[in-house]
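K.L.:
Sharing a structure below in structure tokens format, with a few things to ask.
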Amino acid sequence: TPESPVGWRYLTASLAHLGRIEEARAAKDRLLRILPHESAGLVRANMPSDNVDFINRFVDGLRKAGVPE
């Protein structure tokens, strides 16, 4: 759905890793409108994965886009 925070998280991180920072920041802004208290730390703490490398890359993408700590 258009208001799915999961989709906006993945879009934000993916765009940031592609170097499309303006688009990543726009996606981050949409994510933060949906979840105003979203943070990289919350995402890390709640990732449903045991793959530490994946989590680190994912959270790094969110940070590059400007998701707060």
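K.L.:
Could I have the simple spin-label model distance between Arg57 and Ala26, label points 7 Å from Cα toward Cβ, reported in nm to one decimal?
P.N.:
With each label placed 7 Å out from Cα toward Cβ, I get 2.5 nm.
K.L.:
May I pose another question? For log10 I(q)/I(0) by the Debye sum over Cα atoms at q = 0.17, 0.25 Å⁻¹, the choices are (1) -0.75, -1.38; (2) -0.56, -1.18; (3) -0.51, -1.10; which was calculated from the structure?
P.N.:
(3)
K.L.:
At 1.4 Å probe size, with the rest of the protein present, what percent of the exposed accessible area of the chain is carbon and sulfur atoms?
P.N.:
55 percent
K.L.:
Could you provide, to the nearest whole Å², the per residue accessible area of the chain with probe 1.4 Å?
P.N.:
Averaged over the residues of the chain, the accessible area is 62 Å².
The values are calculated or read from the model by the stated rules, or taken from the named source; none is laboratory data. Keep in mind it's a predicted model, so treat the numbers as computed, not measured. Neighbour counts are summed over all protein chains in view; Cβ atoms, including those assigned to glycine, are modelled from backbone coordinates with ideal geometry. The accessibility values were calculated without ligands, DNA or RNA, using every heavy atom of the protein model including side chains. Shrake-Rupley method; radii C 1.70, N 1.55, O 1.52, S 1.80 Å.
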